[in-house]
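Right, one structure below, let's go through it.
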Amino acid sequence: MSHGGVAGIVLAGGRSRRMGADPKALEALGGGTLLDRVISRIQPQVATLALNVALADDALEATALSQVPDRQASRRGPLAGLDAGLAWLPPEQDWLAVVPCDAPFLPLDLVGRLLAAAGDAQVVAASEDGQLHPTFSLWHRSLASTVSEALAADDGAGLVHLFRRLPHRIQGFALRDPSPFFNVNTPEELSRARELVAAEGQA
């Protein structure tokens, strides 16, 4: 279900060190790529979707999504992606849904459940069995300057630290196999994801 007040950003600007491939988002999975799989699961949930990247990358143009580069070249990671996403957020949407590019089983009801849990908070993130997953989260546009200031600070604090110091909500998700928050960071995890996706097709 699409939520008209929510735009989405897929974090695709990491260096993929453990995978040994850059960008790992273009690794083959289920007849497409890892990124294709993520897009297919998050795009129906939001009004519009874009990719956050470190720098614009021709290899990602096949997605037909706008690429939103990090605004500070020396700062990388999820916090930089969030900063870029909030700066890009279209005026028609007040919320930004953030998901990573390496989560092929992300919940199909993620945005709706985060939005329902937000209440009067400006940020809400998913958790599973008590484990916080801040890169699966929803951020209000009013936090744009707060995020920019946190990114510019020299204390090395990242997304988790910022999330915890803001008034926030946490939406729990049930344990499943595979986990909806399974991340593909290594060749072994990619092989496992391929097995799981193949098993889906046989069910």
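The values are calculated or read from the model by the stated rules, or taken from the named source; none is laboratory data. Everything quoted here is computed from the prediction, not taken from an experiment. Cβ placement follows ideal geometry from the backbone for every residue including glycine, while neighbour counts extend to all protein chains displayed. The protein model used for the area step is the full one, side chains on, heavy atoms only, and it has no ligands, DNA or RNA in it. Shrake-Rupley method; radii C 1.70, N 1.55, O 1.52, S 1.80 Å.
Lys and Arg at +1, Asp and Glu at -1: add these up for the other residues within a Cβ distance under 14 Å of Leu96 and post the number.
Values: positive: Arg141; negative: Asp83, Glu92, Asp94.
Result for the local shell: -2.
In nm, give the distance between the simple-model label positions of Ala28 and Ala117, each being 7 Å from the Cα along the Cα-to-Cβ direction.
For Ala28 paired with Ala117, the spin-label model returns 3.7 nm.
Between the DSSP loop rule and a limit of at most 12 other Cβ atoms within 10 Å, which GluC sites (Glu not before Pro) in the stretch 82-164 are left?
Sites meeting the loop and neighbour criteria: Glu92.
Between Asp109 and Ala174, what is 0.36 nm times their sequence separation minus the Cα-Cα distance? Round to one decimal in nm.
My answer for the length gained is 22.2 nm.
Among bridges DSSP assigns within the chain, what percent are antiparallel (round to 5)? Numbers along the way, then the final one.
Numbers: 12 of 34 bridges.
About 35 percent, rounded to the nearest 5.
Per residue, how much accessible surface does the chain expose to a 1.4 Å probe? Answer in Å², no decimals.
In whole numbers, the chain has 46 Å² accessible per residue.
Could you give the distance between the Cα centres of the stretch 142-203 and the stretch 64-123, to the whole Å?
For the stretch 142-203 versus the stretch 64-123, the Cα centre distance is 11 Å.
Let me know the volume per residue of the alpha-carbon convex hull for the stretch 89-203, in Å³.
Value for the stretch 89-203: 137 Å³ per residue.
Would you mind telling me the share, in percent, of accessible area of the chain contributed by carbon and sulfur at probe 1.4 angstrom?
49 percent
List every residue whose amide H lies under 5 Å from the amide H of Phe173, counting only residues 5 or more places away in sequence or on a different chain, with H placed 1.01 Å from N in the peptide plane.
Under 5 Å from the amide H of Phe173: Ser127, Glu128, Asp129.
Measure off 7 Å from each Cα along the Cα-to-Cβ vector at Ala87 and Ser191, then give the distance between these two points in nanometres to one decimal.
4.1 nm
Based on the Kirkwood radius over alpha-carbon pairs, what value in µm²/s does the Stokes-Einstein equation return for the translational diffusion coefficient of the chain at 4 °C and 1.567 mPa s?
Calculated translational D: 76 µm²/s.
Based on DSSP H runs of at least 4 residues, each adding -39500 (n - 2.57), what is the mean residue ellipticity at 222 nm of the chain after dividing by all its residues, to the nearest 500 deg cm²/dmol? Provide the component values of the computation, followed by the final result.
Working: 6 runs with 61 residues, N = 203.
Using -39500 (n - 2.57) per qualifying helix, the result is -9000 deg cm²/dmol.
Set the Förster distance to 35 Å, then compute FRET efficiency between Leu55 and Asp94 from the Cβ-Cβ distance, nearest 0.05.
0.80
What's the local net charge at Leu196, with K and R +1, D and E -1, over the other residues with C-beta under 12 Å away?
0
Please list, ordered by chain and number, the residues whose modelled amide H lies under 5 Å from the amide H of Asn52; skip anything fewer than 5 residues away on the same chain.
Amide H to amide H, under 5 Å and 5 or more residues apart or across chains, Asn52 pairs with Val10, Leu11, Ala12, Val68.
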